[in-house]
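The values are calculated or read from the model by the stated rules, or taken from the named source; none is laboratory data. These numbers come from a predicted model, not from an experiment. Cβ atoms come from the backbone with ideal geometry, glycine included; neighbour counts cover every protein chain shown.
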Amino acid sequence: MQKFTTLRGIVAPLDQANVDTDQIIPKQYLKSIKRSGFGPNMFDDWRYLDPGEPGNDHSKRRLNQDFVLNKACFQDARILLTRENFGCGSSREHAPWAILDYGISCIIAPTYADIFYNNCFKNGILPITLNHQQVDDLFTTVFSKPGCEFEIDLPAQTINLPSKQSLHFDIDPAQKQRLLEGLDDIGITLQYADKIKAYESRRKKITPWVFN
């Protein structure tokens, strides 16, 4: 998992609440457990005018030009600004995989579904929570300056805006450290590799029959 320290990128405004995981990555694409390859199908039903299936050449599908990520000024977005209860619905981990594979590594919203929120940290995505008024103000900024960039500073826990203003955000210290060090669940476990080996060595002496 890549470390997350600072990020500067275009902000895409997805002005919709209660975006569920089936909208983020539709069910027909859940046939693979690889973490890559889902980017072209993020928000599949909204991005394309014709239905898609795994194995399609998505570059040949008709784009919905009204969808925010298909607009030229937002196509290279790395930050997603959205509304409350983002990531609701089923607990599919493919949702953060698709978002990250597309190129977005930070989401800003008032609230998230709990499982999706925690899955973001496990996959290297920073989900920032701000209050509704702050989110409203950010939408105003992005709509008035399409294609503008924010700078996300995780160590300082700030969002630096084009106006030179900064917004502070709160984050659980353990989750923050996970992102700063680029540790997924396996990486966290491997931090204790020496203790695990020492325990296994003791167990082999005490209960050797378990290891036969």
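Anything in the range 101-149 that is within 15 Å of residue 35 (Cα to Cα) and of a type outside the set (S, T, N, Q)? List them, or say none. Even if it seems obvious, please write down each step before you answer.
Let us first name the residues in the range 101-149 that are within 15 Å of residue 35 (Cα to Cα), namely 101-105, 119-125.
Passing the criteria: 101, 102, 103, 104, 120, 121, 122, 124, 125.
Residue-by-condition table, conditions (1) more than 25 Å from residue 121 (Cβ to Cβ); (2) in the same structural domain as residue 134 (by TED's automatic domain parsing); (3) among the β-branched types (Val, Ile, Thr):
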{"position": "12", "(1), (2), (3)": "no, yes, no"}
{"position": "35", "(1), (2), (3)": "no, yes, no"}
{"position": "39", "(1), (2), (3)": "no, yes, no"}
{"position": "46", "(1), (2), (3)": "yes, yes, no"}
{"position": "66", "(1), (2), (3)": "yes, yes, no"}
{"position": "107", "(1), (2), (3)": "no, yes, yes"}
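If residue 1 satisfies every condition in (1) in the same structural domain as residue 154 (by TED's automatic domain parsing); (2) closer than 26 Å to residue 160 by Cα; (3) hydrophobic (A, V, I, L, M, F, W, C) but one, which is the exception?
Among (1) in the same structural domain as residue 154 (by TED's automatic domain parsing); (2) closer than 26 Å to residue 160 by Cα; (3) hydrophobic (A, V, I, L, M, F, W, C), the lone unmet condition for residue 1 is (1).
Condition first: closer than 23 Å to residue 173 by Cβ and hydrophobic (A, V, I, L, M, F, W, C). Now tell me which residues in the range 123-149 satisfy that.
In the first step, residues of the range 123-149 are kept if they are closer than 23 Å to residue 173 by Cβ; the result is 123-131, 134.
Listed by number, the residues that qualify are 125, 126, 128, 130.
Can you tell me which of 164, 197 is assigned to a loop (DSSP other than H, G, I, E, B), modelled with pLDDT under 95, over 24 Å from residue 39 (Cα atoms) and over 19 Å from the mean Cα position of the chain (by Cα)? Let's see the steps before the verdict.
Working: 197 fails: assigned to a loop (DSSP other than H, G, I, E, B).
Unique residue meeting the criteria: 164.
Could you count how many residues in the range 29-57 are in contact with a helix residue (DSSP H, G or I) (Cβ under 9 Å, 6 or more places away or on another chain), exposed (fewer than 13 other Cβ atoms within 10 Å of the Cβ) and not small (Gly, Ala, Ser)?
5
Residue 127 versus (1) within 19 Å of residue 17 (Cα to Cα); (2) touching a Leu at 6+ places or on another chain (Cβ under 9 Å); (3) in a strand (DSSP E or B): which is the lone unmet condition?
(2)
So which of 182, 103 is on the phi > 0 side of the Ramachandran plot and either modelled with pLDDT of 95 or more or surrounded by 20 or more Cβ atoms within 10 Å (Cβ to Cβ) (or both)? Full working, then the answer.
On the way: 182 fails: either modelled with pLDDT of 95 or more or surrounded by 20 or more Cβ atoms within 10 Å (Cβ to Cβ) (or both).
Only one candidate qualifies: 103.
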